[in-house]
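For reference, the structure discussed in these notes is given below.
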Amino acid sequence: MIFLYILICYLFFLKLLPFILYPNYLLPGKIEGYPALIRVAKKLKGQDKQQTLSNIFQYLREKHSSDDKIWQWKNLATLFWVGDFSTQKVLEEKCFLWCHTQNRLLKSLLVNSGMFREDDVQIGRMFFFNSKFPYQGISIFIHQYLLINIDGIIFKIDPFYNIF
């Protein structure tokens, strides 16, 4: 009976509730365009789309690396924060960000670089198993990543787990 209770709580708090409350699941994602973000996007713009993507990915990994910090209590506690997921306060700050906030920042930087259109960037979602990243296996939390189209080639990008 306790196992069933734990399973129901797990499914509700780590799968269903985030699906409803976090952007890019039921809630639409948003492209931000505040001045500091546009300035960073232009600074990271490369000579072509692939170099721009690589520069922005490296920027996120340097500033907002998550995979090695996920189990710290202060970061786990932010999992249940809801509301405005704006990146304005954390853009140039070195801090932990969950995948939905990293994806919002990544997509906003790509579009504001002028090299990508909004429809070049799609959200990939992972609920339990992920066939797109088979070596990643099972996800404890609900998870999302980006699929980026560069000249007909789809890049699977996940700065949260350092997958490029």
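At 222 nm, what value in deg cm²/dmol follows for the chain if DSSP H runs of at least 4 each add -39500 (n - 2.57) and the sum is divided by all its residues, to the nearest 500?
Numbers: 6 runs with 60 residues, N = 164.
One gets -10500 deg cm²/dmol as the mean residue ellipticity at 222 nm.
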- Against the longest alpha carbon principal axis of the chain, how many degrees, from 0 to 90 and to the nearest 10, is the axis of helix 49-64 turned? 50 degrees
- Message: Can you tell me the length gained on complete extension of the stretch Leu14 to Ile153, counting 0.36 nm per residue apart and subtracting the Cα distance?
- Response: 46.8 nm
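Taking 0.36 nm per residue of separation and subtracting the Cα-Cα distance, what length does fully extending Cys95 through Lys43 add? It would help to have the intermediate numbers written out before the result.
Numbers: separation 52, 0.36 × 52 = 18.72 nm, distance 2.02 nm.
Length gained, Cys95 through Lys43: 16.7 nm.
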- Query: Along the charge dipole of the chain, which of Met1, Gln51, Ser86 sits closest to the positive end, that is, farthest toward it, with unit charges on the beta carbon of Lys, Arg, Asp and Glu (+1, +1, -1, -1)?
  - Reply: Ser86
- Where does each of Trp73, Trp81, Trp98 land when they are ranked from fewest to most other beta-carbon atoms within 10 angstrom? Trp73, Trp81, Trp98
- Which distance in nm do the two modelled labels at Phe141 and Leu27 give, with both placed 7 Å along the Cα-to-Cβ direction? 1.4 nm
- Query: Relative to a virtual label point 7 Å from the Cα of Gln58 in the Cα→beta-carbon direction, which members of the stretch 141-161 show backbone nitrogen distances below 17 Å?
  - Reply: 158-159
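Every number here is computed from the coordinates shown, using simple stated rules; none is lab data. As the structure is a computational prediction, the values presented were derived from the model and not from experiment. Positions of Cβ are backbone-derived with ideal geometry, glycine not excepted, and every protein chain shown enters the neighbour counts.
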